[in-house]
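Chemist: This is the structure I have questions about; it appears just below.
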Amino acid sequence: MAVLPDDLSSALDDELARHPLPRLTQSVDRLSTRYRQGDAATSPILTSDVDVAAYAGYRMPATYAAVHAVLAEAASRAPGFEPRTQIDVGGGTGAAVWAAAAVWPSLAKCTVLEQVAGAIGLGKRLAAGASLPAVRDAQWRRGLVDPAAPAPDADLVTLSYVLGELPDATRADVVRWLAGSAGTVALIEPGTPAGYERIRAARAQLIELGRHVVAPCPHDAACPIVPGEDWCHFAARLPRSGLHRRLKAATLGFEDEKFAYVVASRSEPERPAARIIRHPKKHKGWVALDLCTSSDGLTPGVAVSKKQGAQYRAARDAEWGDGW
Ligand SMILES: C[S@@+](CC[C@H](N)C(=O)[O-])C[C@H]1O[C@@H](n2cnc3c(N)ncnc32)[C@H](O)[C@@H]1O
């Protein structure tokens, strides 16, 4: 389970307590409908302080969980990578800064670029009591993503749940702008077919621009998935607080946030031979793994049997999203 840090969770509760629950749930309903539509935004989607609080209450725990899972995987692939600086583009209330600081204690200077003043205000208030200095001292810059500006100058550049809000015509320009950074670039989108297709296009563009995939792909070759037939995505499980449950009118004590992602860097990382791209199917005496491999592309239903000893034990412990 990807649990929010205590300091973030209690600051979030205090912020949500400033708004009447019916107003928050109204905003949650409007925002969920809007995000489900998935169209690019011609104006900011977060239009009031209640919207911003509602976003932080019902989406930030999930985007934090997804970004944390992505960055933790990237960190495990590149153990020598110790970023000191981060720029989070379209950072909203700062989920990716909290996640990056939790993954890399080396981070010293984080900057959030965001267009909505209310999101910056709330993000700053949440960060003010953070125990991690990189979060507490983060710089918040109000502005629009500008692909004509100099490329982001940071060791780590994050763009989480933003590509889908950008107009189709500027998305490729923004990816080119991000790729101009010397740092590692992490792009995260909802784990829907549309989110995957945006990541697929961005990944192809990053590779074309000389980047190497750190995760999730075990290779820099073309993605072997046929769009429209399937989509590459992963999941992070997170607990739902009582208030979170009330905001979403949900009963389960947890949810699975599905996400698609790519992390790319200028140097070639050490990659696993394969990535597990579905829940392993665990049978008596054998496990079936759906893999994306560096040698043969998609390889569904690879059987690992008890006779394979250590491999079998590893397969029993393996999870969707793990390297193999
Ligand atoms: C879905 S929210 C994601 C927020 C945050 N990155 C997260 O993962 O929780 C998208 C954010 O991107 C911001 N955004 C969208 N287009 C932008 C642009 N052109 N320039 C700056 N910010 C933008 C929105 O205001 C919003 O805060």
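Chemist: Looking for something crowded, with 24+ Cβ neighbours inside 10 Å and on the phi > 0 side of the Ramachandran plot - is there at least one such residue anywhere in segment 121-141?
Modeler: No, segment 121-141 has no match at all.
Chemist: Same structure again: Given the conditions (1) over 13 Å from Y58 (Cβ atoms); (2) out of contact with any Lys or Arg (no Cβ under 7 Å at 6 or more places or on another chain); (3) touching a residue at least 60 places away in the same chain (Cβ under 8 Å), and given that T25 satisfies all but one, which numbered condition is not satisfied?
Modeler: (1) is the only condition that T25 fails.
Chemist: I've got another one for you. Would you point out the residue of segment 184-207, among those that are of a type in the set (G, A, S) and more than 16 Å from the ligand (Cβ to nearest atom), that is nearest to S32 (Cα to Cα)?
Modeler: Looking only at segment 184-207, we keep the residues that are of a type in the set (G, A, S), and these are 186, 191, 194-195, 201-202, 204.
Next, only the ones that are more than 16 Å from the ligand (Cβ to nearest atom) stay: 201, 204.
On the way: A201: 25, A204: 30 Å.
The extreme case among them is A201.
Chemist: Would you please name the residue that is farthest from the ligand (Cβ to nearest atom), looking only at residues in segment 44-70 that are among the hydrophobic types (A, V, I, L, M, F, W, C) and within 17 Å of D6 (Cα to Cα)? Please lay out each step first, then the result.
Modeler: Just the residues of segment 44-70 that are among the hydrophobic types (A, V, I, L, M, F, W, C), to begin with: 45-46, 50, 52-54, 56, 60, 62, 65-67, 69-70.
Checking the rest, the ones that are also within 17 Å of D6 (Cα to Cα) come to 56, 60, 62, 65.
Details: A56: 8, M60: 6, A62: 8, A65: 10 Å.
Out of the qualifying residues, it is A65.
Chemist: Further question on the same structure: Look at E165 and say whether it is within 14 Å of the ligand (Cβ to nearest atom), of a type in the set (D, E), under 27 Å from C232 (Cα atoms) and crowded, with 17+ Cβ neighbours inside 10 Å. Outline the logic, then answer.
Modeler: On the way: within 14 Å of the ligand (Cβ to nearest atom): yes; of a type in the set (D, E): yes; under 27 Å from C232 (Cα atoms): yes; crowded, with 17+ Cβ neighbours inside 10 Å: yes.
For E165, the condition - within 14 Å of the ligand (Cβ to nearest atom), of a type in the set (D, E), under 27 Å from C232 (Cα atoms) and crowded, with 17+ Cβ neighbours inside 10 Å - is met.
Chemist: Identify, please: which residue in segment 236-257 is buried (at least 18 other Cβ atoms within 10 Å of the Cβ) and under 15 Å from the mean Cα position of the chain (by Cα) and is, among those, modelled with the lowest pLDDT?
Modeler: L238
Chemist: Out of S160, S181, report the one residue that is crowded, with 18+ Cβ neighbours inside 10 Å, more than 21 Å from S43 (Cβ to Cβ) and either at pLDDT 95 or above or more than 10 Å from the ligand (Cβ to nearest atom) (or both). Before you say what the answer is, go through the steps one by one.
Modeler: Details: S160 fails: more than 21 Å from S43 (Cβ to Cβ).
Testing whether each residue is crowded, with 18+ Cβ neighbours inside 10 Å, more than 21 Å from S43 (Cβ to Cβ) and either at pLDDT 95 or above or more than 10 Å from the ligand (Cβ to nearest atom) (or both) leaves just S181.
The values are calculated or read from the model by the stated rules, or taken from the named source; none is laboratory data. Since the structure is predicted, the reported quantities are computational estimates derived from the model, not experimental observations. Note: ideal-geometry Cβ built from the backbone for every residue, glycine included; neighbour counts use all protein chains shown.
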